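To start, the structure itself, in structure tokens.
Bear in mind these aren't lab numbers, they're just calculated from the coordinates by the rules spelled out. Keep in mind the model is a prediction, meaning the values are calculated, not measured. Glycine also receives a Cβ, built like all others from the backbone with ideal geometry; neighbour counts cover every protein chain displayed.
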Amino acid sequence: MDVKAFSALLPQATEQLPRGAFLTAGGAVWNPMTIGWAQFGVVWARPVVTVMVRKSRYTHSLMEQAEVFTVSFPRAKEMGKEIAFCGARSGRDFDKEKEAGLKRLAPRAGGAEAVAGCGIVIECRIVQKQLLDLDTLDPDFRAKYYGDNQALPDGDSHVLYVGEVLAAYEV
Ligand SMILES: Cc1cc2nc3c(=O)[nH]c(=O)nc-3n(C[C@H](O)[C@H](O)[C@H](O)COP(=O)(O)O)c2cc1C
């Protein structure tokens, strides 16, 4: 994937990200999860996207079995209901495809199936993963994002999945 073509999509993608994008893992189960955090960059001489998935998410178990993932970014002010649903309900309890009325979009480069109707799609191959070490995190961030009342008693840390970008495109 060409770095320049990837970079051209980032202003739009990063603007949408805090409002929500959909993460889908490759594999038998298609379960879009809303994400609001990600890293975009160039590492190992190639464009990469890193997504962060807490251990308590159903998506975590799907990502652990996956070789690829895809991030689908809705256009500004679109798909708000779907973002909210996939960010509040778990695929353990709901068939999100059915309940949120989502449709799949076939990948172009071997990534996971994307969410149809989005404006930007980034397909990735998982090349590295690591559990965020809370002992090395800024103490204020740790208290704010991994303090008491998390889904898991150890702070429910995120697993970072680094994906080599296979394809990134406007739909
Ligand atoms: C705007 C928004 C952004 C979110 N970002 C993330 C994220 O980056 N990582 C994460 O683990 N959960 C994030 N969540 C929470 C998950 O989307 C939510 O817990 C979801 O129900 C998990 O679905 P699952 O159990 O089917 O995987 C976010 C939720 C919202 C509403």
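Within the range 44-59, does at least one residue satisfy the condition of being buried (at least 18 other Cβ atoms within 10 Å of the Cβ), closer than 23 Å to Leu152 by Cβ, basic (Lys, Arg) and without any contact (Cβ under 8 Å) to a residue 60 or more places away in the chain?
yes
Of (1) surrounded by 19 or more Cβ atoms within 10 Å (Cβ to Cβ); (2) over 14 Å from the mean Cα position of the chain (by Cα); (3) within 15 Å of the ligand (Cβ to nearest atom), Phe6 satisfies all except one. Which?
Of the numbered conditions (1) surrounded by 19 or more Cβ atoms within 10 Å (Cβ to Cβ); (2) over 14 Å from the mean Cα position of the chain (by Cα); (3) within 15 Å of the ligand (Cβ to nearest atom), the odd one out for Phe6 is (3).
Do you know which residues across the range 139-171 are part of a loop (DSSP other than H, G, I, E, B) and of a type outside the set (A, V, I, L, M)?
Those that are part of a loop (DSSP other than H, G, I, E, B) and of a type outside the set (A, V, I, L, M): Gly147, Asp148, Asn149, Gln150, Pro153, Asp154, Gly155, Asp156, Ser157.
Look at the range 75-119 and say how many of its residues are assigned to a loop (DSSP other than H, G, I, E, B), of a type in the set (A, V, I, L, M) and either more than 10 Å from the ligand (Cβ to nearest atom) or buried (at least 20 other Cβ atoms within 10 Å of the Cβ) (or both).
8
From the set of residues in the range 142-156 that are in contact (Cβ under 8 Å) with a residue 24 or more places away in the chain and out of contact with any strand residue (DSSP E or B) (no Cβ under 6 Å at 6 or more places or on another chain), which is nearest to the ligand (Cβ to nearest atom)?
Result: Ala151.
Please give the number of the condition Lys77 fails out of (1) within 19 Å of Leu166 (Cα to Cα); (2) more than 12 Å from the chain's Cα centre (by Cα).
(1)
Could you count how many residues in the range 26-58 are near the ligand (Cβ under 9 Å from one of its atoms), out of contact with any Pro (no Cβ under 9 Å at 6 or more places or on another chain) and either under 24 Å from Asp133 (Cβ atoms) or not hydroxyl-bearing (Ser, Thr, Tyr) (or both)?
Adding up the residues that qualify gives 13.
If you take the residues in the range 120-138 that are charged (D, E, K, R) and more than 16 Å from the ligand (Cβ to nearest atom), which one is surrounded by the fewest Cβ atoms within 10 Å (Cβ to Cβ)?
Applying the filter and picking the extreme gives Asp135.
Please verify whether the range 139-148 includes one or more residues that are surrounded by 13 or more Cβ atoms within 10 Å (Cβ to Cβ), within 21 Å of Thr14 (Cβ to Cβ) and aromatic (Phe, Trp, Tyr).
Checking the range 139-148: at least one residue is surrounded by 13 or more Cβ atoms within 10 Å (Cβ to Cβ), within 21 Å of Thr14 (Cβ to Cβ) and aromatic (Phe, Trp, Tyr).
Kindly indicate the residue of the range 60-74 that is near the ligand (Cβ under 9 Å from one of its atoms) and free of Cβ contacts under 8 Å to residues at least 60 places away in the same chain and also farthest from the chain's Cα centre (by Cα) among those meeting that condition.
Here the answer is Ser61.
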